[in-house]
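The structure appears right after this line, and notes come after that.
Please treat every number below as a calculation from the coordinates, not as lab data. Because the structure is predicted, anything quoted here is derived from the model rather than measured. All Cβ positions, glycine included, derive from the backbone under ideal geometry; neighbour counts span all protein chains shown.
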Amino acid sequence: MQKETALSSYANARERYAALGVDTDAALDMLRNIPVSIHCWQADDVTGFERLENLGGGGIQATGNHPGKARNIDELRMDIEKTLSLVAGTHRLNLHEIYGEFGSELIDRDQVEPRHFGGWMQWAKEIGVKLDFNSTSFGHAKSGSLTLANPDKAIRDFWIEHTRRCRRIADEMGRFQNDPCLMNLWIHDGSKDAPVNRQFYRLLLQRSLDEIFAEPLPCMKDCIESKLFGIALESFTVGSHDFYLGYCVRNSKIITLDTGHFHPTESVADKISAILPFVPEIMLHLSRPVRWDSDHVTILNDETAAIAAEIVRADALRTVHAGLDYFDASINRIGAYVVGIQTVQKAFLQALLEPIARLREYEAQGRLYERLAMLEEAKSLPWGAVWDYFRLTNNLPSGEDTIKEIMQYEQQVTSKR
Ligand code: RNT
Ligand code: ZN
């Protein structure tokens, strides 16, 4: 697209929005400051760099065999740098424990230390990215179907030790980057068939969490993520939404809402204002469930747009954090990243451009037809011109050229792996 065309389209859009009381320049300033926590595991299909045998499993699975997945830390960093060069704004990188720099050492999960992430911290600082973190309890000989809720004390203790160590690593990251590291805890614990001791496992999990969180760590924040069910664990999930919602409310922990972890007709957007009064913060794993928790690339669908709108309407940009969580191995992985990140940004842009003052006025006055009609009008306002201008002013290629650049990177780099 010609620069002049983009500029004049923006000037028109700006005027249209101004007539509705919306300041497009202010919206763009805000958009630039919304970080997306980018999940490191799309780059290599959730493989990681452990020397231990990676067993897969744990209720999650990347499907597809598109060539070019990152095979080592250098390739993964290179792919993340390429991704970041194609998006505007300052973002975060969300690492899993299995992505540590273990070299040729056989480091079991209960032996992991902050030093295994020293290189990551240094690199992240150099490229101006903050880190988030996750403990990893899936894909390990001691995982089975139960980890922190395992009746076998030795196994439970192994995972408690792992998670405690991960919290210390997150704390080191937070201190190093002078910004709290958000550490997510997700475990797959559950069972294929219906158990008769549901409460027993939940009490075990509650006790394990209490032990894990006993150590105060000032530079990290705990987030806990529920799940509906995992593959081969269809009948019972110990860490269900209700369980963690209760746990987070009682213990002031951050709840992670993954858009793939609810019944298909449930709205995660609606949960935000319902939960926010009772928890300190919310972490989001934005994903796209197709029929089930399939971890497809996040796209600009009704759910993503509604979530961004809810956050903006609730004035919760500081307390609700946007992160990505999907792993599609069937397409270009850098492209998958860029689509997801830009989707989140587009959703926030639409939300920031909403003529909210006017809509609220209609609602307060009971002018319900006008509210409905204005919401529908807003959908076809020229937000695309504002988005193009955002790309232009951040020195990014146009949408079409972004696709070309990603294909070029595939030809020159990833296809040769
Ligand atoms: C799994 C959870 C979890 C994982 C990552 C890899 O269903 O969504 O967040 O995707 O920890
Ligand atoms: Zn998730």
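Rounded, prolate or oblate, given the Cα gyration tensor of segment 39-183, with a/c below 1.5 counting as rounded? The shape class here is oblate. An ellipsoid equivalent to segment 41-118, defined through the eigenvalues of its Cα gyration tensor, has semi-axes of 22, 17, 12 Å when rounded to whole angstrom and sorted largest first. An oblate overall shape is assigned to segment 226-294, the ratio a/c of its alpha-carbon gyration tensor axes (a ≥ b ≥ c) being 1.5 or greater and a/b not exceeding b/c. Counting 0.36 nm for each residue step from D23 to A316 and taking away their Cα separation leaves a gain of 103.6 nm. In segment 39-118, Cα pairs under 8 Å separated by at least six residues give a relative contact order of 48 percent.
Quick one: helix 333-352 against the long Cα principal axis of the chain, what's the angle to the nearest 10°, folded into 0 to 90? Tilt of helix 333-352: around 50 degrees. Ordering T393, T237, T5, T402 from the fewest to the most neighbouring beta carbons within 10 Å gives T5, T393, T402, T237. Of the trypsin sites (Lys or Arg not before Pro) in segment 57-140, the ones in a loop by DSSP (not H, G, I, E or B) with at most 13 other beta carbons within 10 Å are R71.
Taking 7 Å steps out from each Cα toward its Cβ at S267 and D74 produces label points 5.0 nm apart. For segment 43-143, GluC sites (Glu not before Pro) are listed when DSSP marks them as loop and at most 12 other Cβ atoms sit within 10 Å of their Cβ; the list is E53, E105.
Compared with the dominant principal axis of the Cα atoms in the chain, helix 302-313 is inclined by about 80°. Exposure proxy ranking for Y409, Y326, based on other Cβ atoms within 10 angstrom of each Cβ and starting from the fewest, stands as Y409, Y326. For segment 175-244, the relative contact order comes to 51 percent (Cα pairs under 8 Å, sequence separation of at least 6).
Run through segment 162-205 and list the chymotrypsin sites (Phe, Trp or Tyr not before Pro) located in a DSSP loop whose Cβ has at most 15 other Cβ atoms within 10 Å. Nothing satisfies the criteria. Working from the pairwise distances between different alpha carbons, so that the mean of 1/r is found and then inverted, what is segment 118-204's Kirkwood radius in Å? Roughly 14.6 Å, rounded to one decimal. Counting only Cα atoms, I'd like the Rg/Rh figure for segment 260-323, Kirkwood definition for Rh. Rg divided by Rh gives 0.95. The Cβ shell under 13 Å around R16 holds other residues with a net charge of -2, Lys and Arg each +1, Asp and Glu each -1.
Computed from Cα atoms, the angle from the helix 118-127 axis to the main principal axis of the chain rounds to 10 degrees.
From the square roots a ≥ b ≥ c of the eigenvalues of the alpha-carbon gyration tensor of segment 182-322, which class results: rounded (a/c under 1.5), prolate (a/b over b/c), or oblate? Taking the square roots of the gyration eigenvalues as a ≥ b ≥ c, segment 182-322 is oblate.
With contacts taken as Cα pairs under 8 Å at a separation of at least 6 residues, segment 244-356 carries a relative contact order of 27 percent.
Taken as Cα centroids, segment 106-142 and segment 283-351 sit 24 Å apart, rounded to the nearest whole angstrom.
Pair-distance distribution of segment 69-154: all C-alpha pairs, bin width 5 Å, starting at 0; shares per bin in whole percent are 3, 11, 21, 21, 17, 11, 8, 6, 2, 1. Within segment 163-304, antiparallel bridges make up roughly 30 percent of the DSSP beta bridges whose residues both belong there. Note on the chain: Kirkwood hydrodynamic radius from all Cα pairs is 22.4 Å, rounded to one decimal.
Computed over Cα pairs, the Kirkwood radius of segment 165-206 leads via Stokes-Einstein (0.692 mPa s, 37 °C) to a diffusion coefficient of 254 µm² per second. Each residue in K346, K379 was given a count of other beta-carbon atoms within 10 angstrom of its own, and listing them fewest first yields K379, K346.
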